[in-house]
Structure formats: C-alpha cells, structure tokens
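Engineer: A single structure is presented below for examination.
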Amino acid sequence: MSKNLRPGTTAPRSGQYAIIGSRGGDTGKERTVTKGEPMPPTPQSGQSYKMADPTKNGSGRG
C-alpha cells in the first residue's frame, strides 16, 4: 500500500501504521489500527498514515 491514509479513513488492514509528517517524512511514531476501524487523529494537522507492519493472521498461537 503506497497511498497515505487520512485520519477518519477506514483502515483497509489491521496492523501498525506509521505517522507521516505534513511534508512526507516519517515521524518515528506508529499507531495500531484494526481493519474496518477509523484511523485515529494525528498529533498535528496535515499528517497522515502509511502501513508499516501488517498483522499476520493465522499465526497458530493460542
């Protein structure tokens, strides 16, 4: 996924999303979001999200 997601957009996949700064740089912060849930607000205006680490389904643990 190369398209950045705005706060409030429905998450297409579960996983860790990196917060991308208003100029396109990585802020070093991430948020965990579940598929189908809205992306949370960002710390500053103009920021967005990009998939950093998708959740792996069917890990066999439990």
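Quick note: the coordinates plus some simple rules give every number you see, no bench work behind them. Keep in mind that what you see is a predicted model, and the values were worked out from it rather than measured. Glycine gets a Cβ as well: all are built from the backbone with ideal geometry, and neighbour counts include every protein chain shown.
Engineer: May I ask you to evaluate 6.51 cos²θ - 1.76 cosθ + 1.60, the Karplus curve with θ = phi - 60°, for each residue of the stretch 44-56 and list the ³J(HN,Hα) values in order in whole Hz, giving x for glycine and proline?
Structural biologist: 9, 4, x, 7, 9, 10, 9, 4, 10, 8, x, 6, 8
Engineer: I've got another one for you. I'd like the per residue volume of the convex hull spanned by the Cα atoms of the chain, given in cubic angstrom.
Structural biologist: That works out to 89 Å³ per residue.
Engineer: Report the label-to-label distance for Arg6 and Thr32 in nanometres (one decimal), using points 7 Å from each Cα along the Cα→Cβ vector.
Structural biologist: 2.8
Engineer: Dipole size in debye (nearest 20) for the chain around its Cα centre, Lys and Arg Cβ +1, Asp and Glu Cβ -1?
Structural biologist: Details: 10 positive and 4 negative charges, 23 e Å.
Computed charge dipole of the chain: roughly 100 debye.
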